[in-house]
Structure formats: C-alpha cells, structure tokens
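K.L.:
Dropping a structure here in structure tokens format, bear with me for questions.
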Ligand code: 4NP
C-alpha cells in the first residue's frame, strides 16, 4: 500500500468500523451457561451462552458495570449497574438464569462499588461510603455492613465462609496486603508474607487463599491456609510456568479436581498454564480463563484482535467460540507493532509499544499515546484509540512509563509520591525517541484519564515537546478533584501522592496555563465522577481568557467508564478531526 491520502470521511468510516467491532470478554461459568460481556448490541452488556443449545441470552439492556465471578453450581448471576447516568452510583442486581427473573437490593442505596464476589448464596462487596465499607448481602434481599476503613481496599473473592481481598492496609502506599473476613467469626484479618511486599488478587476455596506476591523476590503464587496460618509457595507438576518466568499473574485458581491453573504475563503478552504446563494458544494477551470438567474457556485479545473467547477441548485444540474478524479494510491499515525500550532521562528503560500506520510514510505524523491508570499498561491488546489512530494515518508510540504495571513492583511504585514527575519525563523521551528513530515528523500527545492528566500537564510543563494535545477525561487540578472525590478515590489519591498534598499544585496544569503553546482538544464525559468535569471547565475558562487555541467536546449523560459505543465514537472522532488539522495537515497557529 502506497500511503494513499485518506479523506476525513474515509477516516471516520474506519473509526466507525473499529468502534463497532464487537468485543467479547469472558466472565465465567454458571449452571450450563458461559457468562460474558459483549458490545455486540452497541452497549457493554452481560450475556449468557447456553452451552447445550447455543442460545445467547442478553441479561442486561443498556449497560453492566461489574460482574461477580459466577459459581458453577448456582444459576444466579450477580452484577452491578450504574443508576446515575455515568456517575458510577451502582446497585447490585441478581438474575436467575432459568426463570430469567431479576431483582435488586433496596438495602444498599446506589454507591460506587469497587469489588463484588458471590459464594453461591451470599454476596460480599466493597463500596464507597463514609469510608470504604465491606458489605454482605443475602439473596433474600437483606444486607449488612461488616466493616469500614479509611484504607483503600476491595473484595476479590468469597467462598466457604471466607471473604478475601486486597488493600493498602498497613499505611505503606507501596505495599498491598491481603485481607480475610471470616463470616462465622465476624473477624477481619490482615495478612502479609513480608512487611512492604505487594500481595494481590486473592481467590479462595475451603479456607485456603491463593494470591500473587512479590515477597519471594519476583512475583509468585502463594497459598495461605487460613486455619493454621501456614504459608507456602504454590507448587506445579510441570516446569513450563517456572521457565516462562512471568512478571505478573493475572488470573488463577483451582480446577474441579484440585489442580492449580494460572495465566502468567510478561512484556504485554500472557500464557495459560495448567499445573505448570503451557496450554498452547495464539500469541497475544489472555486475560481470564474458566475451567469446566470438559473444556477450558479463555478471553483472548491482541493489538489487532478485538476481545474474543476461545474454547479449548481436552486434546488442547482450540476454536473461536465468540468473536469476529476485523473488517479487512481496517486490518490492512494497521501496520507492524513492536516493543522498544526507550532510555529515559535517568537511564531507566521504558518499554514502549509502537504501532505503525500503513497509511502514513516514515517519518509521519505520530501520537504519543499515554495510558490511564496510572497502574495499568499498554499491552498486546485491542485498544480503540490505538487502532483508530493507526487506521487514520498516525504512527502510535505508547510508552509504559514508570508506574505502569507489568514490569515488576519496583517499576510500578516509581510514580508513588511523584505523579506527573518522572513519568511525564518518560513520555517526553518517547516523543524524542520517535523523532530520532525516523518514525515521527510531528508529534501530538493524547490520553484518557491519567493519560488526559499527563496531556494537560505535558503541554504546559514541556511546552516544546509536542505539537498538539488531546486530553480525554483529564485532570487539571488535583486539589479540587480531591475535594470532589468520594472516599475510595480520596484514598487512591493519597496513595498516589504518598500523602504529599503540597505536591498537588505543582502537578496541576491549571497553575501553568500561561505556558501552553500548542492547540488542545479537550474531550470529557459530563458525569465523570473519577476525573470530574468542573475543574476542567475552569481550565477551559482560563484558556478562553488567554486566547489559546482549543476545542471542547463534552459527552452528555456519560461517565468515566464508557459503556455505549455511540459515546466511544464521541471520544475518538473529534480527536481525529482535530489531529487532521493540527498534525496531519500541519496548520500553524496565528497567535498564542
Ligand atoms: P484512570 O482514572 O486513569 O481511568 O484510572 C483515574 C481516576 C482517578 C485518579 C487517577 C486516574 N486519581 O488519582 O484519583
């Protein structure tokens, strides 16, 4: 393909195809049904596939928020729905798969719910309230608050009388501890194998707790016996997992016959292991697995593959159970992708994903794409922004700046107490690297959420590093955002800043707006309750007073988590129309 010029309408058509390409994400297995979420009807909804008849049942209409891992024996499915047009005040719902009847819990008014688990008859959850609260709901409709804390914590599993979860429970912003709540004894306990270690994602059965921990040096799976207090490293019969040396474990558990299985991840890709032996599956990112007595179901994605669900039989053969191919005209625009280490200002290596566009020469217009989180990462996984930009003629350079997950805990913790400091310099280095390598001509910075924060801050603190910025759901003023946050996000910000409140001003673009030199495209959900709109409106007013070049798109009736594809279009399309003028065509500014 010879870098044919694309018209803006061609670009918008490609974006529409990318955004509406359905994604499927595995939830689990319940009573003869495979549960999954999908955007196939234009909204992220919860579905059940009857594995015997092949019937697909749509369980929610208009969006689902969180879903508890279902129990194989139970025909009840537990999930949350937003009741506040995106403000993330959610209610818990239960649907019975045979009767398809649903009900909700009046005992718990709509709240931010940040962890949800179901043992087959009762529900444990964590929700923002006066502090962060642990609740127990019974299917008969009653509810009870079990525990409350000012620490960041969330439930991850609940079975055989034990609720488990993780949290920053010892006041060290760099460590995560496991907690257990014993339902019979009404006892809350904090468990850590080693002071200061990071312990994540506990799952439980028969009063044993399996979790990922960096206490042994690198991340390993540990088993904790609740009754005896005995702690040991999980052992596997086969050696493939040990040889692979994953940096992270992203899903794991027990099969019905008591074997351990695990998904290990390294450099943005992952592999599935059963009792330590690799299950051969395509290269990319596996994010979740469910073992039934005869089959394994796995969520799979890559930078070029929208989320799909694979079915693996007892012989290890797999097929695509749910998922569609990308339209060929879209697939043919997305070029090579690879990972490079960008050396940052202090010598730290920043693993960076590069996705080239086939619709652009090299060097060509390039986007430094900054992921959200900040404790998240760009991986070999389908991403609407990255795919849309590459299809529309932009090379994408996506750094996993310090603080990103996936490269060990030491790396992840490097942004704690310094958000918008070292990580911002990493992002600037990625732009320099892209120019030096002959990838980039002009470079814009773009990101959503924490990536929107970095876009606002980079364009004022490093005013010469980028030619334009696109800030989605960004942060312009940490102090105001803190006041507007609920108990959960206040603890989150305290951890991120390591309680250095005095640093918030220095890391807020609102105090440096005079330095802005490049055009800015601001896109923000109206009802966002994580990164609220009002500080951004104040920023816009300052841009206005100073005559800066900017545009603003507010997505009505939407929250931080985009559930409707029409809203996703409202994020991506304005960005591409803006970039067309200020990056691809290279318009110059009249005045700043
Ligand atoms: P995210 O959004 O990037 O989507 O995770 C964020 C929301 C809140 C904060 C950071 C990121 N915060 O620090 O409060």
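K.L.:
Among 333, 392, which comes first, second and so on when ranked by fewest other beta-carbon atoms within 10 Å?
P.N.:
333, 392
K.L.:
May I ask you to derive the relative contact order of the chain, considering only C-alpha pairs under 8 Å and at least 6 residues apart, and to give it as an integer percent? Show your work: numbers first, answer last.
P.N.:
Values: 1487 pairs, mean separation 62.7, N = 592.
Averaging sequence separation for qualifying contacts and normalising by length gives 11 percent for the chain.
K.L.:
If packing is taken as the average number of other Cβ atoms within 10 Å across a peptide's residues, how do 20-29, 211-220 rank, most packed first? Provide the component values of the computation, followed by the final result.
P.N.:
Numbers: 20-29: 20.8, 211-220: 18.6.
The packing order, highest mean first, is 20-29, 211-220.
K.L.:
Just for the chain, what percent of DSSP beta bridges are antiparallel, to the closest 5?
P.N.:
Working: 120 of 145 bridges.
Here the share of antiparallel DSSP bridges comes out near 85 percent.
K.L.:
Using only Cα atoms, locate the centre of region 163-179 and the centre of region 86-137, then give the distance between them in Å, rounded to an integer.
P.N.:
22 Å
K.L.:
List 133, 278, 545 from most exposed to least, where exposure is judged by having the fewest other Cβ atoms within 10 Å.
P.N.:
545, 278, 133
K.L.:
To the nearest 10 degrees, how steep is helix 487-496 against the longest Cα principal axis of the chain, on a 0 to 90 scale?
P.N.:
Taking Cα atoms only, the helix is inclined about 60 degrees.
K.L.:
Now, a different point. What angle, in degrees between 0 and 90 and rounded to the nearest 10, separates the Cα long axis of helix 8-20 from the longest principal axis of the Cα atoms of the chain?
P.N.:
10 degrees
K.L.:
Taking Cα atoms, how many degrees apart are the long axis of helix 565-579 and the longest axis of the chain, rounded to 10 and kept between 0 and 90?
P.N.:
That works out to roughly 30 degrees.
K.L.:
If the chain between residue 237 and residue 142 were fully stretched, how many nm would it gain, using 0.36 nm times the residue separation less the Cα-Cα distance?
P.N.:
So the extension gain works out to 29.8 nm.
K.L.:
Among rounded, prolate and oblate, which fits region 427-564 when a ≥ b ≥ c are the square roots of the eigenvalues of its C-alpha gyration tensor, a/c under 1.5 means rounded, and a/b larger than b/c means prolate?
P.N.:
Judged from the Cα gyration tensor, region 427-564 comes out prolate (a/c at least 1.5, a/b above b/c).
K.L.:
Would you mind pulling out the separation of the Cα centroids of region 8-67 and region 479-513, in Å?
P.N.:
Between the Cα centres of region 8-67 and region 479-513 lies a distance of 35 Å.
K.L.:
Give the separation of the Cα centroids, region 302-364 to region 368-441, in Å.
P.N.:
Going from one Cα centre to the other spans 15 Å.
K.L.:
What is the spread of the Cα atoms of the chain along each of their three principal axes, largest first, in whole Å?
P.N.:
Cα spread of the chain along its principal axes, largest to smallest: 70, 52, 47 Å.
K.L.:
Taking a ≥ b ≥ c as the square roots of the Cα gyration tensor eigenvalues, with a/c under 1.5 meaning rounded and otherwise prolate when a/b beats b/c, else oblate, which class fits region 19-146?
P.N.:
Cα axes put region 19-146 in the oblate bin.
K.L.:
Indicate the gyration tensor shape class of region 340-488 (rounded, prolate or oblate), computed on the Cα atoms with a ≥ b ≥ c the square roots of the eigenvalues: a/c under 1.5 is rounded; otherwise a/b larger than b/c is prolate and the rest oblate.
P.N.:
Prolate, because a/c is 1.5 or more and a/b exceeds b/c.
K.L.:
Calculate how many DSSP beta bridges within region 336-491 are antiparallel, expressed in % of all such bridges and rounded to the nearest 5.
P.N.:
Within region 336-491, antiparallel bridges account for around 45 percent of the total.
K.L.:
Give the percent of DSSP beta bridges with both residues in region 273-419 that are antiparallel, rounded to the nearest 5.
P.N.:
Among the beta bridges of region 273-419, antiparallel pairing accounts for roughly 90 percent.
K.L.:
Hull surface divided by four, with the convex hull built on the Cα atoms of region 256-413: how many nm²?
P.N.:
For the Cα atoms of region 256-413, the hull's average projected area reads 10.8 nm².
Each value in this text was obtained by applying a stated rule to the coordinates, not by laboratory testing. Everything numeric in this text was worked out from a predicted model, so none of it was measured. When we count neighbours, we look across all protein chains shown, and the Cβ atoms used for this are built from the backbone with ideal geometry, even at glycine.
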